[in-house]
Each structure stands twice: as C-alpha cells, then as structure tokens.
Amino acid sequence: MLKNIIKTITYSLTLFLAVPLAAQQPAAPSAKPGAAMQKKQGQKAQPKGSPQKRAGPRRGRLEKLACKLGTEDRHARIAVELIGGRVESIAYYSKWKPRTCSVHIVRDDAFSRWEDTGHVTVVTLHEEKGAFLIDHDRRAVKFLFREIDRERFCGMPGKITGSLTVTRGRDQCELEGVMDYVEEPPVPAPAPPVTPVELQSTPKEAQGTSPEVPVIPAEVQGTPLT
C-alpha cells in the first residue's frame, strides 16, 4: 500500500515538472499552407497580354547582297544582310548631287516593326514614316518602298515610292520610281527698280506714255463726211 502511494506521488511530480519545460521550448516552424501553391504559380507562364521576351538570334547561313545603279552624281545603292534566307538588315543610300538620302534599318531595332508571312516581310517604320515590303525569292530580293518619308531620311520634302530589286550574282540594281523626284522650281527674284538714267534713255512707248494724237485743223473738223 505504501509503495503504491509513493509511486503515485512520484508520477504526479514528474508530470508537474515536465509540462512547464515543454511550454518553454520553441515550436518548430510550420510550412505556410499557401507557400507550395505560390511557388507552383510562379513557375507558370506569364499571363496573356504581358510583354513577351524577344526571340533569340536567328539561325541560318549569313548572306550579304549589294547592288548599285547610276552615275557618281546620281545613283542608288543598297546593301542587305540575310540570315536563313530572311532579311536581317537594310542599308539604302541614294545620291542626287548635292542631295543625299540614307536609310539604315535592323531587325528588332527600336525604330521599326518586322512581320514575316510566308516569303514576304513587312517592315513598318515608327512615327508613320512609311513601310517596306520585302519579297524573298530564290533568285532575288525585291523591296517595295511605301511612302517613305524623305524629310526624315533625306532632308527634303516628299515621299519615296517605288521598287528596288537586288539579284544574286549581279552588281546592278533594278529600280522603278525610287529615284523619281520633281524639285519645285525656285521663286524668281523681283526685278530691281528702274533708275532715272534708264528712264531717259528708254523710248516713250516703253515708259508707258501714250503716243501723240495728231491735231486736226478747224476747217477739217466741220466738214461733213461724204
């Protein structure tokens, strides 16, 4: 009997001392319920409408084409780089002495937007400065100029419209309308004023005076006509 009482008292004291010690120990950090879900959502693709990353560099064979047509004082020329059969950059230059025109565009630059559809590429210049339509062919590459702003690239009023074709294996371009430019005639300067000396030496008819009227005698004036 006495042993049972001592055993009960010892067990009660052990429980009494163990409860406070357990309360003082820090609890192990528990994982947040939504942490795994947030991590999974973060790995998903960006929502529709968000800016997309630009595609990496184009792959394929690098090809360079160039051509020129005209004289030294009046000509047009173009240099083109293609990667994988697609135009990557355009460098157009024309000269109509003393005026010059230069257009340099690179794919995915900050001044143009490129769209490829089949064998055709449309390059739209920003700020409504015009557009290029590029037709890729096995034999040649044809550029259609659509209302390219001359003021922006040439420093003169008007638009560049027409076509330019660069053919593989040929140094001469084929042009149609690109170099057509009608310059407005200059306004004539006003004539200098006439000096008194020039008035004296100028005939009266040239000075604007009316010619002398002949005097009719009095007897003739009263004679009736027959």
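The values are calculated or read from the model by the stated rules, or taken from the named source; none is laboratory data. None of the values given here were measured: they were computed from a predicted structure. Backbone-built Cβ (ideal geometry, glycine too); neighbour counts: all protein chains shown. Side chains are part of the model used for accessible areas, which takes the heavy atoms of the whole protein and leaves out ligands, DNA and RNA. Shrake-Rupley method; radii C 1.70, N 1.55, O 1.52, S 1.80 Å.
Assorted remarks:
- A Förster radius of 35 Å, combined with the Cβ-Cβ distance separating R168 from D73, puts the computed FRET efficiency at roughly 0.80.
- Near Y93, once Lys and Arg are set to +1 and Asp and Glu to -1 for all other residues with Cβ below 10 Å from its Cβ, the sum equals +3.
- Estimated Rh, the range 89-175: Kirkwood, alpha-carbon pairs, angstrom: 13.7 Å
- Put H119, H136 in order of accessible area, highest first, and with a 1.4 Å probe you get H119, H136.
- T124 - accessible surface, heavy atoms, 1.4 Å probe, Å² rounded to 10: 40 Å²
- The calculated FRET efficiency for the pair E147 and R113, based on their C-beta separation and a Förster distance of 22 Å, comes to about 0.90.
- Ordered from highest to lowest accessible area with the whole protein assembly present and a 1.4 Å probe, E176, E147, E88 read as E176, E147, E88.
- Estimated inter-spin distance, V106 and Y93, nm [label 7 Å along Cα→Cβ]: 1.7 nm
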